[in-house]
Amino acid sequence: MQTLELPPPLVSVIIPMYNAEGYITQALQSVLQETTIPLEVVVVNDRSSDRSLERVQAIQDARLRVVNGAKAGISTTMNLGLAAARGAIIMRCDADDLFTPGRIASQANWLQQHPDYGAVCGSYDIIAPNGSFVLQHDTGSTPEEVTDELQQGITRTHLCTFAIRTDTLRLLGGFRPYFETGEDIDLQLRLTDICRVFYQIESRYCYRLHNDSITHVIPSERRVFFDRIARTFQQQRQHQGQDDLQRGIFPPIPQGSESRSYSSNEQIQGFLQGRAWQALSQGQRRNALKLGVRSLLANPGHLPTWSNFLVLLAKLPTQKAPSAPAPPSPPMDEAPQPPAKPVTSEVDRDG
């Protein structure tokens with residue numbers, strides 16, 4: 001790698017990586033395309049056994065650093081990156097996902113112009129395993145402060161859309177190792193203990209669904225457990241001042257599950273199917289039909305999808321008012337956002 005003298009970074013992007021050789025180059029390119037502000041990229045290699053590290057080392061960019069992981073879970077992986085970061089602002093990009101163009105400078109500039117906020121977040125796109133666009137996740141169409149809703153345990157977007165002041169993250173204590181997954185939900189909610197958070201409507205991230213993600217690796221029962229316990233902890237802090245972890249109480253983690261995880265095609269189908277019914281409820285018949293067809297193509301062998309599509313077709317001629325309910329999509333890692341896939345750590349790979 002080059003050894004050019006660089007100015008101190010304003011932004012540190014942490015990329016946790018475990019066996020992501022098929023995606024890490026694209027992830028890095030999407031981050032390193034930012035050239036207007038001082039930037040560093042800290043890749044935490046959580047002892048990958050494939051050619052991921054080789055892919056990283058092939059990129060000649062002085063802004064890129066590699067930190068060795070401890071193979072101790074996603075929270076520890078992220079905390080190692082946080083300890084190594086030199087920028088005043090932290091962002092996270094999972095090793096199989098992408099940043100949208102201009103995102104880094106835009107969010108960094110916003111935080112510099114709004115010193116009363118500790119973090120800013122945005123919307124995100126869902127992409128297929130091959131990187132093709134699926135849809136923009138519906139996270140809200142109005143720019144607004146979301147501190148209050150986070151205090152209520154409501155998360156509208158993915159942690160990887162956040163830009164957070166480094167001092168704020170360190171004051172918070174970083175990520176909590178108790179969380180095998182859902183650590184990103186826990187962090188979003190805990191941020192409001194010490195700072196304000198603002199939401200912007202622009203898409204800041206591309207979240208890739210594929211069968212090697214945490215959504216398909218960690219049993220559904222345990223993923224749902226961590227999602228729920230993060231929100232339970234938030235309720236405890238709001239009403240009691242501390243949560244169980246802060247009191248030294250560690251709720252037992254489910255160790256087994258007979259529940260089936262969903263494939264990436266099933267998840268894509270679920271997103272499109274839900275959006276089709278939403279469009280129908282808004283009187284957008286043509287868009288509803290298009291989305292319904294796309295949901296079929298995403299998972300053509302799934303018979304319930306055909307049944308759902310036929311019901312949708314039956315309602316198309318008569319639908320005039322927003323009354324058609326949207327059927328539930330397959331359970332995701334973190335409702336209402338997509339799986340907290342969190343990352344590419346062995347335990348977590350999304351979060």
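The values are calculated or read from the model by the stated rules, or taken from the named source; none is laboratory data. Since the structure is predicted, the reported quantities are computational estimates derived from the model, not experimental observations. A quick note on method: Cβ atoms are made from the backbone with ideal geometry, for glycine too, and the neighbour counts reach across all protein chains shown.
Quick check: is even one residue across the range 83-102 at pLDDT below 95 and out of contact with any strand residue (DSSP E or B) (no Cβ under 9 Å at 6 or more places or on another chain)? No, the range 83-102 contains no residue that is at pLDDT below 95 and out of contact with any strand residue (DSSP E or B) (no Cβ under 9 Å at 6 or more places or on another chain). For residue 125, are the conditions met, namely being at pLDDT 95 or above and at negative phi? Criteria met by residue 125. Being aliphatic (A, V, I, L, M) and surrounded by fewer than 23 Cβ atoms within 10 Å (Cβ to Cβ) is a property that residue 95 lacks.
Take the range 114-132 and flag every residue that is over 16 Å from the mean Cα position of the chain (by Cα) and more than 26 Å from residue 154 (Cα to Cα).
Here is the first cut: in the range 114-132, the residues over 16 Å from the mean Cα position of the chain (by Cα) are 114-118, 130, 132.
Residues satisfying the conditions are 130, 132.
When you scan the range 240-256, do you find a residue that is under 29 Å from residue 126 (Cα atoms) and of a type in the set (Phe, Trp, Tyr), even just one? Checked against the condition, which is being under 29 Å from residue 126 (Cα atoms) and of a type in the set (Phe, Trp, Tyr), the range 240-256 yields no hits at all.
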